[in-house]
Amino acid sequence: MALKFSKMHGLGNDFVVIDAINQHFEPASAKIKHLADRNLGIGFDQLLVVEKAQSDHADFKYRIFNADGGEVSQCGNGARCFARFVREQNLSDADLITVETNSGLLQLEMMSASRVRVNMGTPTFDPKQIPLNASVRCDQYQIDLDQQSIQKTIQFSALAIGNPHIVILVDDVNQGDLETFGPILEAHSFFPERVNVGFMQIVDRKNFILRVFERGVGETKACGSGACAAMAAGVQIGILDTHTTAQLIGGELQLEWQGEDNPVMMTGETAMVFQGEIADQH
């Protein structure tokens, strides 16, 4: 039986989106890995699945799976593509929709045919909720790495915005820190659920450059929740304003955050690449 899908991207962070309301789809790990294979399947950073809402307060259930088959709770670029998908597939005609995720509700607002604003929810800095193997909240944590030829102390901010993130300030995001430290930190024992690792270069108080090593994926051209986490970390330690622009490999995101107990708002573009069918591997 053929499985219908759409291929989309948000600033180069690419997705396969599947309507699981009007066709049967069982997101088994082996199936997801096959679909994610860029040679033998379709290829994507994340798989997005549209399901019927389980809550009376949501329009849809929004599920996200990494290329390694693991399910995660948040993907900001994916959320924007999700909103465009349900509009273009005539699943909704509303400009503002609410979706339920494994970490709570998100509000998605169509600003134009391709531009979407997402209420990403309120970040938490509580180490138990991120989670971290730390008993006390700190503005900056540190890890001493001593693996093979790497001996270095890494300082970082840590928070969760649906998914766990750390943010490391660097002078230049292209100096090799991501390639060297991203895989090590993502799987470090300090992070019991692994972690997304962001490397942030400050341009000025309203602009920063970001690269992210995503857990279960590796580096992507853009990470929406990572940009939100980096912005919130920067505001929290006093180096960024409450309205900023994140410069990612794939393009720019506009971000707003008024401080603790407030949600992060993210606005950016989406693209529909193609639609197709693939044999459903049972």
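None of the figures in this text is laboratory data; all of them are computed from the coordinates on show. Because the structure is a prediction, the values reported are computed rather than measured. A quick note on method: Cβ atoms are made from the backbone with ideal geometry, for glycine too, and the neighbour counts reach across all protein chains shown.
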Treat the count of other C-beta atoms within 10 Å as a stand-in for reagent exposure and order 135, 55, 114, 92 from fewest to most. 135, 55, 114, 92
If we count other beta carbons within 10 Å of each Cβ, what is the order of 56, 241, 171, 14, fewest first? 56, 171, 241, 14
Rough spin-label spacing in nm, given labels placed 7 Å along Cα→Cβ, for residue 29 and residue 247: 4.0
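Using +1 on the beta carbon of Lys and Arg, -1 on that of Asp and Glu, and nothing else charged, what's the dipole of segment 141-262 about the Cα centre, debye to 20? Working shown, then result.
Numbers: 7 positive and 16 negative charges, 25 e Å.
Charge dipole of segment 141-262: 120 debye, to the nearest 20.
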Going toward the positive end of the dipole of the chain, with +1 on Lys and Arg Cβ and -1 on Asp and Glu Cβ, which of 232, 248, 96 do you reach last? 96
Using 0.36 nm per residue of separation minus the Cα-Cα distance, give me the extension gain between residue 142 and residue 179 in nm, one decimal. 11.4 nm
What are the semi-axes of the equivalent ellipsoid for the chain, taken as the square roots of 5 times the Cα gyration tensor eigenvalues, largest first, in whole Å? 30, 21, 17
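Rounded to the nearest 0.05, what FRET efficiency do residue 39 and residue 2 have when you use their Cβ-Cβ distance and R0 = 22 Å?
Numbers: r = 20 Å, r/R0 = 0.91.
Efficiency at R0 = 22 Å is approximately 0.65.
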Under 5 Å between amide H atoms, partner at least 5 residues away or on a different chain: which partners does residue 63 have, H built in plane at 1.01 Å? 49, 51
Projected-area average for segment 141-262 over all orientations - Cα convex hull basis, square nanometres: 7.1
Dipole moment magnitude, nearest 20 debye, the chain about Cα centre, only Lys, Arg, Asp, Glu C-beta charged: 260
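Given a Förster distance of 25 angstrom, what is the FRET efficiency for residue 261 paired with residue 57, based on the Cβ-Cβ distance and rounded to 0.05?
On the way: r = 20 Å, r/R0 = 0.81.
Calculated value: 0.80.
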HN-Hα couplings for segment 135-143 via Karplus (6.51, -1.76, 1.60; θ = phi - 60°), in whole Hz with x for Gly/Pro, come out as 9, 10, 5, 9, 5, 9, 9, 9, 10
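Segment 84-211: percent of C-alpha pairs farther apart than 19 Å? If you can, show how the numbers build up before the last one.
Working: 4878 of 8128 pairs.
More than 19 Å apart: 60 percent of the Cα pairs in segment 84-211.
Fewest to most neighbouring Cβ within 10 Å: what's the order for 40, 3?
Working: 40 10, 3 20.
With the fewest neighbours first, 40, 3 line up as 40, 3.
Rounded, prolate or oblate: which fits segment 221-269, taking a ≥ b ≥ c as square roots of the Cα gyration tensor eigenvalues, rounded meaning a/c under 1.5, else prolate when a/b beats b/c? Please list the in-between numbers first.
On the way: a/c = 2.06, a/b = 1.69, b/c = 1.21.
Verdict is prolate for segment 221-269.
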